[in-house]
Amino acid sequence: MTISADSSTHAPPPLEHPLEDGWTLPATWYSNASVAERERELIFSRSWQYAGPAEHVSEPGSFASTQIGHIPIVITRARDGVLRAFVNVCRHRAYVIAREHGCRETLQCPYHAWTYNLDGSLKKVPRSEREKDFDPDNFSLLPASVDTWGPFLFVNPDPDAAPLQETLGELPNIVAGSGLDFEQLEFHSHGEWPIEANWKVALENYLECYHCPAAHPGFSKVINVDPDAYALSVSPTFSSQIGPVRAAALNGTNGAPYVPTGEIANSQYHYLWPATTINIVPGPQNISIERWIPDGTGKTVEVTDYWFGRDVPREIVDEVLAFDKQVGQEDVDLVVTVQAGLDSGTVPQGRIMRESEQLIADFQRRVYDAIA
C-alpha cells in the first residue's frame, strides 16, 4: 500500500519533557487529528494485526471480511487453495464490497456489480464494452499480506510486509509454555465493544496491573498481582504479563469470583505491536485475542474472539466469560475517565512509574518513534 503522507508534514505536537525522564506522551496526542492521521499512515497501514478466526477461510471458495485499523480487508481462499488478502474496497467508486464471511465463487460489489474473482482479479464490469480501452487487468483488488498462527488470521495492509513470524518472534513458544494446546481449541464467540477513549488510552490500561489492587478486586483475588510475583517483560515486537494464581483462590478460601482449576496454571497477557492483545486465563484450555480499532481520535472499538477446549464444560466456559466481562467493564470505566482527564488539558504530561508501568513506557516509545 502506498503511504501518501509526507513525513515532514503534519507533525504531532512536541514533547514538553522527554520520555526518557519518565514523562508520558502529551495529553494532546490522545485527541489531536494530526496525530491520528500519522498513526493511520505510519502505524496501522504497515503492521501485522489480528484479523479473525482462520476457520472462516479454511475451505476453497471461502472469504472473510475484517478491518485492520481504518482499512477494510477481505481474506479469501480461492479454488487453488491459496490464502490471500486484499483491500476490501471496489476499484470503481470505493464501495466496501464483502461483509462478514461465507463461501462463494466471486465477490460482487453491491453498488454497481463490479465482480471480482477470489484471487482478486476483476472478472466482470457491467457496460465495460461501452468504454474505450477499458482493461480489467488494471483494476484488480489491491493486495495485502496475510498469514496464520494456529487458529488466528493475521493481516498486514502492506503487500510487501516482512513475514508474520518476524513480528511474532518468541511469542508462540511463550504461549505454548502456558499449557495451552491449539489442537484442543474450538472457536466459541465474537464480540465488539465501543469505548469512548483513544486507542492508546485503552492499550495503556491493558499494559499495566499497577491499577489492579484498587480497580480489580475480584481479579486480584484470583491472580497474584503483587509486584514481586506478577512478571513483566519487553521483547522486540511484543510485551508480556504473567501472573500466578493465588493459592487461596484455588482453595476457595478468599472469596475469589472464579476458581481457576485446570491445565493452565498462570495467567498470560501479551501485547503485540501495534494493536493486538492475547489473553490466557488460568484454568481450562482457553484463549481470547483482541484487536483494537481506532475510531477517530476519541473512540476505540475492541473486537474480541474467544476459544475454549472442546471438552470444557459449558458452566466453566460461562464462569470464565463472566470473570472476563467483569474485569473488562471495570477497565472500560477506567479508560473513559482517563480520556476525560486528558481532554481537560489540566495535566499536559503525566509521570510514568518506571518499574510498575514499564510496558507503557515501551509502548509510548514505539508510538513516538513511529510518528514523531
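Rg of the Cα atoms in region 92-206, relative to 2.2 N^0.38 Å, amounts to 1.49.
When the solvent-accessible area of region 314-372 is split by element, carbon and sulfur atoms take up 55 percent of it, the probe being 1.4 Å.
Ordering of 20-27, 314-321, 69-76 by packing is 69-76, 20-27, 314-321, highest average first (other Cβ atoms within 10 Å, averaged per residue). Accessible surface of region 1-143, 1.4 Å probe: 47 percent of it comes from carbon and sulfur atoms.
Full extension of the chain segment joining Asp333 with Ala162 gains 57.8 nm, where the gain is 0.36 nm per residue of separation less the Cα-Cα distance. Treating r as the C-beta distance of Val259 and Phe182 and R0 as 22 Å, the FRET efficiency rounds to 0.35.
Just how much of His56 is accessible, in Å², when a 1.4 Å probe is used and the result is rounded to the nearest 10? Around 40 Å² of this residue is reachable by solvent. Only helical runs count toward this figure. For the chain, summing -39,500 (n - 2.57) over DSSP H runs of n ≥ 4 and dividing by all residues gives -7000 deg cm²/dmol at 222 nm. The length gained by stretching the chain between Glu196 and Arg127 to full extension, at 0.36 nm per residue less their Cα-Cα distance, is 20.3 nm.
Roughly speaking, what is the stretch gain from Val234 to Ala247, that is 0.36 nm per residue apart minus the C-alpha to C-alpha distance, in nm to one decimal?
Result: 2.0 nm gained on full extension.
Element breakdown for region 185-230 at a 1.4 angstrom probe: carbon and sulfur atoms account for 52% of the accessible area. For Tyr95 and Gln326, FRET efficiency with R0 = 41 Å and r from the beta-carbon atoms, rounded to 0.05? Efficiency at R0 = 41 Å is approximately 0.55. Per residue, the chain exposes an accessible area of 46 Å² to a 1.4 Å probe, with every protein chain left in place. Spread over its residues, the convex hull of the C-alpha atoms of the chain is 144 Å³ per residue. When you restrict to C-alpha pairs under 8 Å that are six or more residues apart and normalise by the size of the chain, the relative contact order lands at 20 percent.
The values are calculated or read from the model by the stated rules, or taken from the named source; none is laboratory data. Please read these numbers as outputs of a predicted model, since none were measured by experiment. In this analysis, Cβ positions are derived from the backbone assuming ideal geometry, glycine residues included, and neighbour counts consider all displayed protein chains. Just the protein is used for accessible areas: all its heavy atoms, side chains included, with ligands, DNA and RNA removed. Shrake-Rupley method; radii C 1.70, N 1.55, O 1.52, S 1.80 Å.
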